[in-house]
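The values are calculated or read from the model by the stated rules, or taken from the named source; none is laboratory data. Remember, it's a predicted structure, so these values are computed and weren't measured experimentally. When we count neighbours, we look across all protein chains shown, and the Cβ atoms used for this are built from the backbone with ideal geometry, even at glycine.
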Ligand code: NCD
């Protein structure tokens, strides 16, 4: 780490007490992200750079020689996937991203099979794993755990970077990166993301992907956001305050049918009932927050339908056939943007950009 704002120069309690924007400044090294924990770490220039790097990697990988080049980029690096909360697509897309770059992976998915079962703290477990790996990619149901680990590892003699692959109800920065990458690609011929209207639908109170993506959208000009949810599951006041401070035009509603015609992108999410205390979301009528086949007629010709997945009933499967349903492409974009991110963490951005096919 280098510079004034450095995790070795701040006590945990002081770091923990900072607001997200101030925290973000502590997570970089030489102007680039070291730990990747928060959406607030990325500005527009960086989002464009990562998107174009992902596209370049994607192009290089289309040829065998390119695949071999990518695989040879960092054969000595090892990444640890520490996923103590269920995951399949995020886990596998990180795994695939590492494989594309020749990074070896190890994994812990079930803490019942690790020494945490014997009473070891998660801090000690992660520090132990960090001895064997050069990067830790972690998902946890505990909000802020990745931050704690990042601070802890930065204060050891082997500070390896941590990538947050989803923490609690608050942040999912790499999902937001893939969502932005999907929007960049979708609006390539529509003047980009500036000036677009994004409609977020579903469980906005507990969906971490929405919280991270809404922030990244503030780095673009004049993006309008509509949050469509049952009253009980509306977006949190904390994120609304951040959006307000960023001067974003937001609107809250519970009427999906009226919102769709205004949308350039509709971002659907599922009900996150794993966070229920006593089955409270089963008492909410969520049918009005489902994208029905008939709604396709209301969506603009260039509009896109996104979803971080997994989905339940919130998108009718008949919608899948429409070219504006981009969620399958969105998923594959996740692999490419994660490849770009890992390459950049290991300082391989210039080597990739200099590759001549
Ligand atoms: C999301 C998550 O884990 O927050 N899934 C994902 O990573 N694509 C969304 C969800 O679980 O609903």
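Report whether or not residue 250 is under 23 Å from the mean Cα position of the chain (by Cα) and farther than 18 Å from residue 329 by Cα.
Yes: the conditions hold for residue 250.
Provide a single number: the residues in the stretch 178-201 that are in contact with a strand residue (DSSP E or B) (Cβ under 9 Å, 6 or more places away or on another chain) and not in a loop (DSSP other than H, G, I, E, B).
9
Would you call residue 126 away from the ligand (no atom under 16 Å from the Cβ), in a strand (DSSP E or B) and surrounded by 15 or more Cβ atoms within 10 Å (Cβ to Cβ)?
For residue 126, the condition - away from the ligand (no atom under 16 Å from the Cβ), in a strand (DSSP E or B) and surrounded by 15 or more Cβ atoms within 10 Å (Cβ to Cβ) - is not met.
Test residue 79 against the stated conditions and say whether it is crowded, with 17+ Cβ neighbours inside 10 Å, in contact with a helix residue (DSSP H, G or I) (Cβ under 9 Å, 6 or more places away or on another chain) and under 26 Å from residue 215 (Cα atoms).
no
For residues that are in a loop (DSSP other than H, G, I, E, B) and buried (at least 17 other Cβ atoms within 10 Å of the Cβ), tally how many sit in the stretch 257-283. Full working, then the answer.
To start, the set of residues in the stretch 257-283 that are in a loop (DSSP other than H, G, I, E, B) comprises 263-264, 269-272, 276-279.
If we keep only those that are buried (at least 17 other Cβ atoms within 10 Å of the Cβ) too, we end up with 263-264, 269-272.
Residues in the stretch 257-283 being in a loop (DSSP other than H, G, I, E, B) and buried (at least 17 other Cβ atoms within 10 Å of the Cβ): 6 in total.
Please go through (1) outside any loop (DSSP other than H, G, I, E, B); (2) within 16 Å of the ligand (Cβ to nearest atom) for residue 294 and return the number of the only condition it doesn't satisfy.
(2)
Inspect all residues belonging to the stretch 249-256 and state whether any of them is in the same structural domain as residue 194 (by TED's automatic domain parsing), surrounded by fewer than 17 Cβ atoms within 10 Å (Cβ to Cβ) and within 16 Å of the ligand (Cβ to nearest atom).
Within the stretch 249-256 (the criterion being in the same structural domain as residue 194 (by TED's automatic domain parsing), surrounded by fewer than 17 Cβ atoms within 10 Å (Cβ to Cβ) and within 16 Å of the ligand (Cβ to nearest atom)), the answer is no, since none of the residues qualifies.
Tally time: how many residues in the stretch 207-234 are surrounded by fewer than 22 Cβ atoms within 10 Å (Cβ to Cβ) and in a loop (DSSP other than H, G, I, E, B)?
Selection size over the stretch 207-234: 7.
Condition test on residue 191, is it more than 16 Å from residue 46 (Cβ to Cβ), surrounded by fewer than 24 Cβ atoms within 10 Å (Cβ to Cβ) and assigned by TED's automatic domain parsing to the domain that holds residue 327?
yes
Quick one: residue 218 ticks every box in (1) more than 28 Å from residue 313 (Cβ to Cβ); (2) in the same structural domain as residue 265 (by TED's automatic domain parsing); (3) touching a strand residue (DSSP E or B) at 6+ places or on another chain (Cβ under 7 Å) except a single one, so which number is it?
Condition (3) is where residue 218 drops out.
Is it the case that some residue within the stretch 324-345 is in contact (Cβ under 8 Å) with a residue 24 or more places away in the chain, within 16 Å of the ligand (Cβ to nearest atom), outside any helix (DSSP H, G or I) and crowded, with 19+ Cβ neighbours inside 10 Å?
Yes, that holds for at least one residue.
All but one of (1) touching a helix residue (DSSP H, G or I) at 6+ places or on another chain (Cβ under 8 Å); (2) touching a residue at least 60 places away in the same chain (Cβ under 8 Å) hold for residue 270, so report the exception by its number.
(1)
Among the residues of the stretch 299-321 satisfying the criterion of being touching a strand residue (DSSP E or B) at 6+ places or on another chain (Cβ under 9 Å) and assigned to a loop (DSSP other than H, G, I, E, B), which is nearest to the ligand (Cβ to nearest atom)?
Per the stated criteria, the residue is 308.
Sort through 40, 63 and tell me the only one that's at pLDDT 95 or above and over 25 Å from residue 143 (Cα atoms).
Every option except 63 fails the conditions.
I need the full set of residues from the stretch 97-121 which are modelled with pLDDT under 90 and touching a strand residue (DSSP E or B) at 6+ places or on another chain (Cβ under 8 Å), in order please.
Across the stretch 97-121, the qualifying residues are 108, 109, 114.
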